[in-house]
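Trainee: Please see the structure below; I have some questions.
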Amino acid sequence: MVQKYVYGTPFHTEAVIRDIKGENGSPNYGTICLEDGFSFTYTLKEKDVVYGLGESNRGINKRGGCYISYCTDNPNHTESVKSLYAAHNFIVIAGETTFGLFVDYPSKLTFDIGFTRMDTLTITCEEADLELYVIDGDSPYDIVRQFRKIIGRSYIPPKFAFGFGQSRWGYQTKEDFRQVAEGYRKNHIPLDMIYMDIDYMQNYKDFTFHEENFRDFSQFVQEMKDQKIRLIPIIDAGVKIEDGYTVYEEGVKNRYFCQREDGSDFVAAVWPGYTHFPDVLNPEARKWFGDQYQVLMDQGIEGFWNDMNEPAIFYTPEGIEKVSQKMKTFLDDPETNSPWDVKDALEALSGSQEDYRAFYHQVEGQRILHDKIHNLFGYHMTRAAGEAFERIAPDRRFLMFSRSSYIGMHRYGGIWTGDNKSWWSHILLNLKMMPALNMCGFLYVGADLGGFGADATRDLVLRWLALGVFTPLMRNHSAIHTRDQECFRFENVEDFRHVVGVRYRLLPYLYSEYMKAALSDDLYFKPLAFVYSKDAHCAYVEDQLMLGNEIMIAPVYTQNAQGRYVYLPEEMKFVKFLPDGSLYEEILPAGHHYVEIGLNEVPIFIRQGKWIPVTDGAEYVEAINSSSWKAVGYAGGEYVLYEDDGISKDYENPKHWKRLNN
Ligand code: GLC
């Protein structure tokens, strides 16, 4: 049962789309205090586990941490970081008393989950204007499924988006892209997409192509398509201020940009230099911004990634002015003035809340301070694109994922988890985020495989890919000036061919499980405890996941390890995809095991009595021959395969479902 409690005058975020009658008063759990903003306090029992918060730091069990929902562009995801790019305010408290909470509040919200006091959960925010959803159910899983029902169906990408993609910030010319395509095709490492980072644009202007490097863009798109590779360009939130640039001029003329208090267009420095932010909260401006995507669609583009949409601000003219004043004061008298002031001011320049309090949105005739709805910007930028796709080509699916998000955006696109690093700990962080994101509706998810920042090593990329084989978004991406990490750059390329190849052998299975999860508001990734609710040990397993209905995954995330320990809640078949294309299979009884997993092997664990179809694989999605499947797992029983043309939207057509018998 879902109950909604309304406090003050909430902003209508459209996260929840099911009509639920609001109630006044207090829920059955915890204590609400409305004296100084809003707070919800609940005493946790020793064994309570707290799940959720989507894209956030730390564990599958969120206990012991403090998390702040305030979308932030921070590329250093160390253990102490409290805010990442997204705000996903849904948690489930599981224990003697089990219930779910969704706090629909689009500004800064703090979840202190046993951080200040080990036994106390507190959720606080500055203004008591919000909707609090309280969900009762038989189990955490049941609660999640009820929540998913009220927020609407998750985004479904085209099937090619389940292939492998290569990305890197720094590809500048057609030649760079051709080299990548050739590196993959020559080495027979499967590939479906190459991502275009900001350099394809003319001076980082959204919806333009670099005049010299990308002349005849549509021809180039076609040249890649002839090799069965799709180009996926990035779109940034900030629109460059430049006379003669149509997007800028139209936006200014029609007042489609976010404005300062005095009515002037707000200015923020991002990659292109000074920019304006499209007011994507305003339906008219949103439509206009969405329509711009057509420029690229007309060139044959079928997918995009939306970036810098927290929205990221390097600095504002006002911020720079303040810092220069501080510097001047210091330089005038360095003996008496503290150098800390300058250092602090410099550090506070980017993404400052002061800047987020300096501009406004126009929503239904009302002016709303950005800070009050800060967490909705990325959501609405992606909504702009999603609504435009729907208008422009209603029968087709487009690839779309975003960096910043709020619950509700899951209906329009997926997400990638932003600027991680080539650190071993980030493989594990990637794994831990996956089920939490699914709980919040985000099914098409993945991290930058191999790590974005810092230099990757060959073994790290291989181990990370062996996790990426299972994430719906499987993309290798890295930052400019880091070591090249495309699969073909390393020695013994055949290992990469094999690991990425496993994705394609499993693709009909993974796609079917994705579609089952999306079409029935279910989870693709689950914590073990959601499946084995009676096994108390499962609640504490932080490095294994259930995927779909048949398998468990347990990747290696430690350098120089030859394998890992794994916990089996029931008997399972341990299967390794070996580099020669064959399979290693062994039935393991329930309990703890050490399993050996080579750098070039991909392990899965098949649940007792189940089996999955595994095909011959291919070098791109379209070439997979799904009828080449062989059953892997336990003998007997049926598997239901979902198969469609991968691009149109008649999901409900019964002809897509095939019963396979083993
Ligand atoms: C941001 C994105 C990253 C991208 C870079 C340049 O840091 O998160 O993925 O490569 O901007 O566009």
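Just so it is clear, none of the values below were taken in a lab; they were calculated from the coordinates. Predicted model only: the values in this text are computed from it and were never measured. So basically every Cβ, Gly included, is an ideal-geometry build from the backbone, and we count neighbours across all protein chains shown.
Trainee: Add -39500 (n - 2.57) for each DSSP H run of 4 or more in the chain, then divide by its residues: what number comes out at 222 nm, to the nearest 500 deg cm²/dmol? Write out the running numbers ahead of the final one.
Mentor: Working: 14 runs with 160 residues, N = 662.
-7500 deg cm²/dmol, from helical runs alone.
Trainee: Order 194-205, 624-635 from most to least packed using the mean count of other Cβ atoms within 10 Å. Numbers along the way, then the final one.
Mentor: Numbers: 194-205: 20.7, 624-635: 16.5.
So the peptides 194-205, 624-635, ranked by packing, come out 194-205, 624-635.
Trainee: Can you tell me the relative contact order of the chain? Whole percent, Cα pairs under 8 Å, sequence separation 6 or more.
Mentor: Numbers: 1534 pairs, mean separation 91.7, N = 662.
So the answer I get is 14 percent.
Trainee: Taking the Cβ of Met546 as the center, what net charge do the other residues with Cβ under 14 Å away carry, scoring Lys and Arg +1 and Asp and Glu -1?
Mentor: Numbers: positive: Lys432, Lys516, Lys526, Arg607, Lys610; negative: Glu513, Asp522, Asp535, Glu542, Asp543, Glu550, Glu570.
Net charge around Met546: -2.
Trainee: Could you state the per residue volume, in Å³, of the convex hull enclosing the Cα atoms of the chain? Don't skip to the answer; put the middle values down first.
Mentor: Working: hull volume 111.6 nm³, N = 662.
Hull volume normalised by residue count: 169 Å³.
Trainee: Taking a point 7 angstrom from the Cα of Asn203 along the C-beta vector, which residues in the stretch 315-333 have backbone N less than 20 Å away?
Mentor: 315-317
Trainee: Suppose every K and R has +1 on its Cβ and every D and E has -1 on its Cβ; what is the size of the dipole of the stretch 363-518 about the Cα centre, in Debye to the nearest 20?
Mentor: Values: 19 positive and 15 negative charges, 62 e Å.
The dipole of the stretch 363-518 has a size of about 300 debye.
Trainee: Obtain the radius of gyration and the Kirkwood radius of the stretch 69-219 from its C-alpha atoms and give Rg over Rh. Display every interim value, and only then the final one.
Mentor: Details: Rg = 22.6 Å, Rh = 20.2 Å.
Expressed as Rg/Rh, it is 1.12.
Trainee: What FRET efficiency, computed as 1/(1 + (r/R0)^6) with R0 = 25 Å and r the Cβ-Cβ distance, is obtained for Leu583 and Val640, rounded to the nearest 0.05? List each step's numbers first, then the result.
Mentor: Values: r = 22 Å, r/R0 = 0.89.
The computed FRET efficiency comes out at 0.65.
Trainee: I've got another one for you. Give me, ordered by chain and number, the residues 5 or more places off Ile234 or on other chains with an amide H under 5 Å from its own placed amide H.
Mentor: Met196, Trp305
Trainee: How far apart, in nm, are the 7 Å Cα→Cβ label points at Glu318 and Asp459?
Mentor: That separation, rounded to one decimal, is 5.1 nm.
Trainee: Calculate the dipole size of the stretch 269-378 relative to its Cα centre from +1 charges on Lys and Arg beta carbons and -1 charges on Asp and Glu beta carbons; express the result in debye to the nearest 20.
Mentor: On the way: 9 positive and 19 negative charges, 43 e Å.
Value, rounded to 20: 200 debye.
Trainee: Using the number of other C-beta atoms within 10 angstrom as an exposure proxy, rank Phe209, Phe401 with the fewest first. Walk me through the intermediate numbers first.
Mentor: Working: Phe209 21, Phe401 28.
Ordered by Cβ neighbours within 10 Å, fewest first: Phe209, Phe401.
Trainee: Calculate the FRET efficiency for Leu34 and His656 from the Cβ-Cβ distance with a Förster distance of 41 Å, rounded to the nearest 0.05. Could you put the intermediate results ahead of the total?
Mentor: Details: r = 50 Å, r/R0 = 1.21.
Taking R0 as 41 Å, the efficiency between Leu34 and His656 is 0.25.
Trainee: Over 29 Å between C-alpha atoms is what I'm after, so list which of Lys253/Lys372; Lys4/Lys45; Lys108/Lys159 land there. It would help to have the intermediate numbers written out before the result.
Mentor: Values: Lys253/Lys372 26 Å; Lys4/Lys45 25 Å; Lys108/Lys159 36 Å.
Those over the limit are Lys108/Lys159.
Trainee: With helices defined as uninterrupted DSSP H runs, which ones in the chain have an alpha carbon span along their own long axis of at least 24 Å and mean Kyte-Doolittle hydropathy of at least 0.0? Before the final figure, lay out each step's value.
Mentor: Working: long enough: 493-519 (38 Å, 0.04).
Helices meeting the span and hydropathy rule in the chain are 493-519.
Trainee: How large is Rg over Rh for the stretch 242-384, taking Rg from the Cα atoms and Rh as the Kirkwood inverse mean of 1/r across Cα pairs?
Mentor: Working: Rg = 17.8 Å, Rh = 16.8 Å.
With Rh from the inverse mean 1/r over Cα pairs, Rg/Rh is 1.06.
Trainee: In the chain, if the dipole is taken from +1 on Lys/Arg beta carbons and -1 on Asp/Glu beta carbons about the Cα centre, which of Val566, Ile407, Phe111 is farthest to the positive end?
Mentor: Val566
Trainee: Further question on the same structure: Which cross-chain or sequence-distant (5 or more) residues have an amide H under 5 Å from the amide H of Leu449, H modelled 1.01 Å from N in plane?
Mentor: Result for Leu449 returns Arg475, Asn476, His477.
Trainee: Using packing as a proxy for protection, rank 43-56, 74-87, 590-603 so that the peptide with the highest average count of other Cβ atoms within 10 Å comes first. Don't jump to the answer; show the numbers that get you there.
Mentor: On the way: 43-56: 20.4, 74-87: 18.6, 590-603: 16.7.
Ranking the peptides 43-56, 74-87, 590-603 by packing returns 43-56, 74-87, 590-603.
Trainee: If R0 is 25 Å, what FRET efficiency do you get for Lys516 and Ser628 from their C-beta distance, rounded to 0.05? Walk me through the intermediate numbers first.
Mentor: Working: r = 22 Å, r/R0 = 0.86.
Computed FRET efficiency for Lys516 and Ser628: 0.70.
Trainee: How do Glu223, Glu364, Glu354 line up, fewest other C-beta atoms within 10 Å first? Spell out each step's value before the answer.
Mentor: Numbers: Glu223 16, Glu364 9, Glu354 12.
Final ranking by Cβ density, sparse to dense: Glu364, Glu354, Glu223.
Trainee: Give me the Kirkwood hydrodynamic radius of the stretch 108-180, using the inverse of the mean 1/r over all pairs of distinct Cα atoms, in Å to one decimal. Mind showing how you got there, number by number?
Mentor: Values: mean 1/r = 0.0558 Å⁻¹.
About 17.9 Å, per the Kirkwood formula over Cα pairs.
Trainee: How are the Cα pair distances of the stretch 409-544 distributed, in percent, across 10 Å bins from 0?
Mentor: Taking all Cα pairs of the stretch 409-544, the binned fractions are 12, 38, 35, 13, 1 percent.
Trainee: Give me the net charge for the shell around Lys432: Cβ to Cβ below 9 angstrom, other residues only, Lys and Arg +1, Asp and Glu -1.
Mentor: Values: positive: Arg58; negative: Glu542, Asp543.
Here the count lands on -1.
Trainee: For Gly319, what is the net charge nearby, where nearby means another residue's Cβ is under 10 Å from its Cβ and Lys, Arg count +1, Asp, Glu -1?
Mentor: Values: positive: Lys322; negative: Glu318, Glu321, Glu354, Asp355.
Local charge sum for Gly319: -3.
Trainee: Quick query: amide H of Gly563 versus all other amide H atoms, modeled in the peptide plane; which residues come in under 5 Å with a sequence gap of 5 or more or a different chain?
Mentor: Ile597
Trainee: Is there a quick way to get the dipole size of the chain? I mean about its Cα centre, with the Cβ of Lys and Arg at +1 and of Asp and Glu at -1; what is the value in debye to the nearest 20? Before the final figure, lay out the partial values.
Mentor: Values: 68 positive and 95 negative charges, 356 e Å.
That gives the chain a dipole magnitude of about 1700 debye.
Trainee: Also, quick follow-up: Among Phe257, Thr329, Val342, which residue has its Cα furthest toward the positive end of the charge dipole of the stretch 257-395, with +1 on Lys/Arg Cβ and -1 on Asp/Glu Cβ?
Mentor: Result: Phe257, furthest along the dipole toward the positive end.
Trainee: Determine the distance separating the Cα centre of the stretch 479-520 from the Cα centre of the stretch 286-352; give it in Å without decimals.
Mentor: Rounded to whole Å, the Cα centres lie 34 Å apart.
Trainee: Based on the alpha-carbon set only, what is the convex hull volume of the stretch 180-240 divided per residue, in Å³?
Mentor: Values: hull volume 4.8 nm³, N = 61.
Normalising the Cα hull of the stretch 180-240 by residue number yields 79 Å³.
Trainee: Over all directions, what mean area does the Cα convex hull of the stretch 19-86 project, stated in square nanometres? Walk me through the numbers before you get to the answer.
Mentor: Numbers: hull surface 27.6 nm².
Result: a mean projected hull area of 6.9 nm².
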